[in-house]
Each structure stands twice: as C-alpha cells, then as structure tokens.
Amino acid sequence: MTVPERLSALRKCMQEKHIDIYIVPTADFHQSEYVGEHFKARAYITGFTGSAGTAVITLHDAKLWTDGRYFLQAAKQLEGTGVTLMKMFEPGVPTIEEYLEAELKSGQTLSFDGRVVSVGEGDEYASIAKKNGAKIDYQEDLIDAIWTDRPSLSEEPVWFLEEKYSGESTESKLSRIRKEMEDAGCDTHIVSTLDDICWTLNIRGNDIDFFPLVLSYAIIRKDSFDLYIDERKLDDKLKSILEKVGVTLHPYNAIYEDVKKLPENATVLIDKSKLNYAIFNNIPNAVSIVNKRNPEILMKALKNPVEVENIKKAEIKDSVAHVRFMKWLKENLGKIRITEMSASEKLDEFRAEMGNFIRDSFEPISSYGPHSAIVHYSSSPETDVELKAGSLYLSDTGAGFYEGSTDITRTYALGEVPKKMKDDFTIVAISNLQLASAKFLQGSSGLTLDILARKPFWDRGLNYNHGTGHGVGYLLNIHEGPAGFRYKFRAGETEEIQEGMVITDEPGLYIEGSHGIRLENELLARKGVQNEYGQFLYFETITLIPFDLDAISLDMLNEENRKLLNDYHKRVYEEIAPHLNEEEKVFLKKYTRAV
C-alpha cells in the first residue's frame, strides 16, 4: 500500500473504533531512540524514515512533527503523502500538545498504543483530553491492524559481556542500584529501558537496529530480579550466569499482568520519562510511586577505569581505520567509481581488519555534495551518487567493537573545492577545537560550555540546528544521557559533566543544495587541578583522525586556533603512526603537518 492508502485504512479503523485522533510516535515499548523493524509504525504510516518524529492523524488530516536534523529529509519523503511536516521549535509552529488542545473536541476520543508512549507523554495527553471534555483510549494498536506484513519481534540470541570489557560485575551493579532504591525509600524498581537492563546484567543482543540491545523488562526488588524476556534467546550457559545473580525469567509480555499483582504496601521507583504508559496504568492505585530518574542512567554514563581503557583502544582502532580510509579515498578518487554507499562499505572493511569489530554502532551517514547538507541523510540505492572532485564528502559513522562504541564524523575535500566550502569547513574546525580545549569548574554542564562551540558561528551570524554533543554508551545506545552539549534546555541532558563521561563534540554547518560539514570527536572528561577555586576538569580528545588540511582556509586561523590544530595533529601522528605501515605514515605525516 502507498502512504495515502495506509492513511485511508487507518481512518477506517479509527471510525470503527470511534477514535477521532490517533498518535503514532517513533518509540518501541521501551522508549528506545532507534527501534527494530517491528516497531517502525510511524515510518510505515507516514513514509518518513528518520529516527525521531511523531505523527498525529485525524479523520481529515495528518501531520508529522520532527526536529531540525530532519527538516530536509522529511520534506522530501512526505511529498505527495498527504502528511504535513510540522517543523518543531520553528516560529509559528504549534507543539503537538498545542495542536491537540485546539483540535480535540468535547466528547471525542484521543487514542494511542500505551506501550509506545511514555508515562509523561501519556499524562500530558490525558490532561488535554480531560480539559477538552474528551476521552483517552491507550489500548489500541491500530497500525498493527492494517500492517499485514509487519515484521515479527526479533529472536536474535543474547550474549554475555565479560568483565574484562564491562569492568564491573552484575552483583556490584545491583548492590549500587539497591542502595539507591533504599535511599529513595523504595522496595521495588520497574525498568523498561533496554540499555539500563543490559548494562545492569552485562548482557547484549541484536534486537534493535545497530544497537546491541535485548528486548526485555525488569522488576528489581531487595532480594530478587524478575527478567521479562523471550527465553529462547538465552543459551544454557547464560541462563546459569543469570540464575547465579538471582535472576528469575518470565515471558516477555507477562510484565503487564505481573505489575497488577504488586502488593498494596509496595513502594515503587519508576522513571516516568522512561516507563511506558500502559505498564504505569497497570500498577494498582494503592501502590506508592516514587518518580525519579533511573539510577542506572548516571551509573552507566560514568565509565569505570576498565571501560575507559577499552574505549580508548576502540578509538585507536577506529582512528587507524579512518586514516586508511582517508588515504584510500584521496588516492582513488577519479580512478575507480566510488559512491556514497561503496565508500561507507569500504570504511567498514578497514574497521573489520582491526579485530573485535561487531557492526556499525548506528545507521551510517555517508553523504556527498548537496546530500551532506541533510543532517541525518541516509544513502539508499535510489539516492546513491558517485563521489567526484570539486565538492565535499561527509562521513558520520560509528563502530561497535567489544572494546566499546565509537561515533566519528569527518568531512573531506574531494580534489580542489571552492573557497566558500573551505571557509565553512574552517569555522567548524575552529568550533570543534575550542570546545575540546575547555577547562572548567566542577558543576558545569553542557549548557555552560556549548557557547565555546557556538561562538565562531554566532560571531558570523551562523548556527547549526542540532546539539553540539551527546554522551556515548558502551555497546549500548550511541546517544546516552544524562549529559550533553547544547545551548537550549533539553530534559535528560542537563547533568553536570563529571570525570569518566564520554561526550561527542560535533559542530556543523549546512548549506542547503550545496554542501554540509560536520567534524566530530569523542571527548573524555578528566579531573584537572584542584585549588582554592574548586575542582577543575578538562577534556581528553580520544578520537585521533586528521581534520582534512585540504579543506582548511589558513587565513582564517588566528594564533590560538593554529596552535590548537597543530597540537591536535601532533597527537594524532604520535599515537596513530605506530599502527601504520611506512606508506601510511607518509600519508599521515602530510595531513598532520604543522600549519
């Protein structure tokens, strides 16, 4: 079916169920950012395939809200579908809540599948419905009713992440979690976020696109751990490991009935921003609820010494792969046919040669020329173009190694490129280096530091329509809270930056129809000097790949910028050259030369 035909079928279901407005978010049952094929309901009903967005369908209208990363992509994919793009945070564009308040009439029904909506979102929708004299129905998966060839839930096997990689046993992690529960006055903790569960149990899987996560729920008590999972994914060895740490297995969907049986005197710790609305509404009214951020969120963001050393090894591996890729790209352009997709595949070949490579850590962004102006562009056989001299090529990709996950963006000049492109590239490079050089007092958050990255843009009346950086999980979500760099408040990313956090540094500049530039390194927060003013921190850049000197406008670099660039390139050569052959060293020397 085409998107208009799907919308027509959905509206027929809505009429049969007496539903007036139906909401389709991006999420799965676990509020995951990226979801498995079974859960791509919003993509199915709208045709928009980006990783973020919410569709709101009425009997006469359909709208899609998404953020600035996807405006160009969404506009193109929604053409002719009957779905209107709503550009989030743009002047004059109502929020979803404002739209619902205006559209929902007394006596009408607002509906959604409560398993794919968070408690916080569901409460907001219910509040709007009550205010407007309307009803809420959260038990309808109408997309499932019309999606006749919907992919089944993943049945991929689960594997154990050994302590030489995780750096901490499950027993230790559970002890820390239970201490947090006790401090909050709770005897029960319901967890539905996949990365929190996988981190706690030191397990990984293959149920989510790119992220090695496992579809599961958990109920943690003082002396027990109930894990809701498809048991067929676990081999006998893993079952034995889990049994030894007190884990009892239950069918994946049994949690919805089990929470109804919680004792009346229970006090339950939940995170309303992470738990789904259906589970929450199945908890008996007599049960006491403590709404607090999942304790696992900060725990897993603070990488332990074993994780830090492993992550740095993974970054060295990926940096070596990128240098080899850069050399291959520069030397073969025009000699062989290279396309967006074949370039991305070649980079993964170099990664695989480094050993312990599992797979990409997120969907690769491999974009040439005008495509690189689309922040989260994804090349496909229909859009795959050849890379040619005279423009820029942007590669935003990541690797999942057993030693950790990487997230790296480089933009390369293909042959000689116009001065405008070089100037834009240089602004981005200055921004990246200035943020990486920050020294700051403990207590600072990304809201404090983001100005260091934005200033080179704002001084010139420019900006980029995305955050400057995000936390990175260890073989978990590539976007990991609770810290990040951005100038606007965003719930879940306001935590002070602490030692052991790994956060990306990825400013960009995008000129629609022409070119896009992004340069992304990972930064490790380290403790610096402590004096009468307090504890200072600084960043160690752990991504070690040249910024393409062919794309730098030297006349734009002041003395400070030049020193930052030269110092970074000196480190790149010193740490990466020992892993290269002589020919590769010569190439790297050229692209890390002092300027």
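Details
Conditions (1) hydrophobic (A, V, I, L, M, F, W, C); (2) part of a helix (DSSP H, G or I); (3) more than 20 Å from the chain's Cα centre (by Cα), marked per residue:
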residue	(1), (2), (3)
Asp258	no, yes, yes
Asn265	no, no, yes
Leu269	yes, no, yes
Glu296	no, yes, no
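The rows are residues; the columns are (1) out of contact with any Asp or Glu (no Cβ under 8 Å at 6 or more places or on another chain); (2) within 15 Å of Asp450 (Cα to Cα).
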site	(1), (2)
Arg490	yes, yes
Thr494	yes, yes
Val502	no, no
Asp505	no, yes
Leu509	no, no
Gly513	yes, no
Ile517	no, no
Leu524	no, no
Gly528	yes, no
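- Inter-residue pairs, beta-carbon under 9 Å, first surrounded by 13 or more Cβ atoms within 10 Å (Cβ to Cβ) and in region 132-151, second of a type in the set (A, V, I, L, M) and assigned to a loop (DSSP other than H, G, I, E, B), 6+ apart: Asn132/Leu104; Ala134/Leu104; Asp137/Ile19; Tyr138/Val117; Glu140/Ile19; Leu142/Ile19; Ile146/Met1
- Every residue from region 357-410 that is over 23 Å from Glu309 (Cβ atoms) and among the aliphatic types (A, V, I, L, M): Ile365, Ala373, Ile374, Val375, Val385, Leu387, Ala389, Leu392, Leu394
- Pairing each residue of region 408-426 that is under 17 Å from Asn332 (Cα atoms) and assigned to a helix (DSSP H, G or I) with any residue that is charged (D, E, K, R) and at pLDDT 95 or above, provided the two are 6+ apart or on different chains, yields no C-beta distance under 8 Å.
Residue-wise test of (1) crowded, with 21+ Cβ neighbours inside 10 Å; (2) touching a strand residue (DSSP E or B) at 6+ places or on another chain (Cβ under 9 Å); (3) modelled with pLDDT of 95 or more; (4) not assigned by TED's automatic domain parsing to the domain that holds Ile511.
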| position | (1), (2), (3), (4) |
| --- | --- |
| Ile365 | yes, yes, yes, no |
| Val375 | yes, yes, no, no |
| Ser378 | no, yes, no, no |
| Leu387 | yes, yes, yes, no |
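- Selection status of Phe210, of a type in the set (A, V, I, L, M, F, W, C), out of contact with any Pro (no Cβ under 7 Å at 6 or more places or on another chain) and on the phi > 0 side of the Ramachandran plot: yes
- Arg359 being touching a residue at least 40 places away in the same chain (Cβ under 8 Å), of a type in the set (Lys, Arg) and either outside any strand (DSSP E or B) or not assigned by TED's automatic domain parsing to the domain that holds Ile503 (or both): no
- Selection status of Glu264, among the acidic types (Asp, Glu), modelled with pLDDT under 95 and not assigned by TED's automatic domain parsing to the domain that holds Gly471: yes
- Odd one out for Leu64, checked against (1) among the aliphatic types (A, V, I, L, M); (2) in a helix (DSSP H, G or I); (3) in contact with a Leu (Cβ under 7 Å, 6 or more places away or on another chain): (2)
- Filtered by the rule that a residue be in contact (Cβ under 8 Å) with a residue 12 or more places away in the chain, touching a Leu at 6+ places or on another chain (Cβ under 8 Å) and of a type in the set (D, E, K, R), region 227-269 gives Asp230, Glu231.
- Any hit, region 87-100, residues being part of a helix (DSSP H, G or I) and more than 20 Å from Gly120 (Cα to Cα): no
The values are calculated or read from the model by the stated rules, or taken from the named source; none is laboratory data. On a predicted model such as this, the values are computed, not experimentally measured, just so you know. Cβ atoms come from the backbone with ideal geometry, glycine included; neighbour counts cover every protein chain shown.
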